[in-house]
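Undergrad: To start, I am sharing the structure in question, which I have written as structure tokens.
The values are calculated or read from the model by the stated rules, or taken from the named source; none is laboratory data. From a predicted model like this one, the values you see are computed outputs, not experimental measurements. All Cβ positions, glycine included, derive from the backbone under ideal geometry; neighbour counts span all protein chains shown. Accessible surface areas use protein heavy atoms only, side chains included; no ligands, DNA or RNA. Shrake-Rupley method; radii C 1.70, N 1.55, O 1.52, S 1.80 Å.
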Amino acid sequence: ETKADLIRLADEQQIPMGFWDPLNLAEADFWNQGNTATIGWLRHAEIKHGRVAMAGFVGYCLQSNGIVFPWALTGGPLSTEGSTMFSDIAAAGAPPDQWDALPTAAKLQFLGFIGLLEAVGETAQPHYTKGGKPGFYPSLKSASNVPHPVPFDLYDPFGLFKMDDATKERRLLMEVNNGRLAMIGIFS
């Protein structure tokens, strides 16, 4: 993508202020790979972080309202005696306090899972800095660098949502706008 593509994208997204680049990043050259690689990296980062922010915003709202899984976090899912329950974590207070209340092993599992998702995402061919589609995430079912078989994909685990390319493009525009709003929401 080029700066002209970003201007066209802003028009398609019907952003009230139009194309806005106060830091002039659309003309930057990160890591001496060229301007198109920089734009690909920035677009991929925006889409990925928007997706994370959308999930994080919903999770924050659920956690803040005490909505938790009814089973144990540690000691087996059905045993409650001597176990840490999800409700125990929720009783710690706001979501940042709940993170602090998590056992270290749970935090490491979160970080390990995020690392695994990053490793799988970076295997997409062609890479988003080399002409690949920003925001594309390869199938987990066919990923070669996953330690064990995964029966489901992230977005459409049961294969229910078949879309043509025009619908995908329209929904990506909506996703980017919703992701931007979610990033603002989770920051606030």
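Undergrad: Among the candidates Gln14, Gln33, single out the residue that is exposed (fewer than 12 other Cβ atoms within 10 Å of the Cβ) and not aliphatic (A, V, I, L, M). Outline the logic, then answer.
TA: Values: Gln33 fails: exposed (fewer than 12 other Cβ atoms within 10 Å of the Cβ).
Exactly one of Gln14, Gln33 is exposed (fewer than 12 other Cβ atoms within 10 Å of the Cβ) and not aliphatic (A, V, I, L, M), namely Gln14.
Undergrad: Does Ile47 meet the test of being touching a helix residue (DSSP H, G or I) at 6+ places or on another chain (Cβ under 8 Å), hydrophobic (A, V, I, L, M, F, W, C) and assigned to a helix (DSSP H, G or I)? Explain how you work it out, then say what you get.
TA: Working: touching a helix residue (DSSP H, G or I) at 6+ places or on another chain (Cβ under 8 Å): yes; hydrophobic (A, V, I, L, M, F, W, C): yes; assigned to a helix (DSSP H, G or I): yes.
Yes, satisfied.
Undergrad: So how many residues does the range 17-29 have that are loosely packed, with under 13 Cβ neighbours inside 10 Å and assigned to a loop (DSSP other than H, G, I, E, B)? I'd like the intermediate steps shown before the answer.
TA: Kept after step one, since they are loosely packed, with under 13 Cβ neighbours inside 10 Å, are these residues of the range 17-29: 17-18, 20, 22-24, 27, 29.
Narrowing the set further to residues that are assigned to a loop (DSSP other than H, G, I, E, B) leaves 17-18, 20, 22-24, 29.
Within the range 17-29, residues that are loosely packed, with under 13 Cβ neighbours inside 10 Å and assigned to a loop (DSSP other than H, G, I, E, B) number 7.
Undergrad: Here is a list: Leu108, Leu102, Leu73, Leu42. Which entry is in contact with a helix residue (DSSP H, G or I) (Cβ under 8 Å, 6 or more places away or on another chain), open to solvent by 40 Å² or more (accessible area, probe 1.4 Å) and over 18 Å from Val176 (Cβ atoms)? Full working, then the answer.
TA: Working: Leu108 fails: in contact with a helix residue (DSSP H, G or I) (Cβ under 8 Å, 6 or more places away or on another chain); Leu102 fails: open to solvent by 40 Å² or more (accessible area, probe 1.4 Å); Leu42 fails: over 18 Å from Val176 (Cβ atoms).
Result: Leu73 is the single residue among Leu108, Leu102, Leu73, Leu42 that is in contact with a helix residue (DSSP H, G or I) (Cβ under 8 Å, 6 or more places away or on another chain), open to solvent by 40 Å² or more (accessible area, probe 1.4 Å) and over 18 Å from Val176 (Cβ atoms).
Undergrad: Given the criteria assigned to a helix (DSSP H, G or I), acidic (Asp, Glu) and closer than 28 Å to Gly185 by Cα, does Asp88 qualify? Show your work before the answer.
TA: On the way: assigned to a helix (DSSP H, G or I): yes; acidic (Asp, Glu): yes; closer than 28 Å to Gly185 by Cα: yes.
Judged against the criteria, Asp88 is a match.
Undergrad: Further, regarding this structure: When the residues of the range 138-183 are narrowed to those that are loosely packed, with under 10 Cβ neighbours inside 10 Å, of a type in the set (D, E, K, R) and assigned to a loop (DSSP other than H, G, I, E, B), which ends up modelled with the highest pLDDT?
TA: Asp164
Undergrad: Among residues belonging to the range 111-131 that are in a loop (DSSP other than H, G, I, E, B) and of a type in the set (Gly, Ala, Ser), point out the one that is least open to solvent (accessible area, probe 1.4 Å).
TA: Once the filter is applied, the top-ranked residue is Ala124.
Undergrad: I need the full set of residues from the range 147-175 which are among the aliphatic types (A, V, I, L, M) and within 18 Å of the chain's Cα centre (by Cα), in order please.
TA: Quick first cut of the range 147-175, residues among the aliphatic types (A, V, I, L, M) only: 150, 154, 160, 163, 166, 172-174.
Once the filter is applied, which keeps residues that are among the aliphatic types (A, V, I, L, M) and within 18 Å of the chain's Cα centre (by Cα), the range 147-175 yields Leu154, Leu172, Leu173, Met174.
Undergrad: Which one of these does Gly50 not meet: (1) surrounded by 15 or more Cβ atoms within 10 Å (Cβ to Cβ); (2) over 30 Å from Asp165 (Cβ atoms)?
TA: (2)
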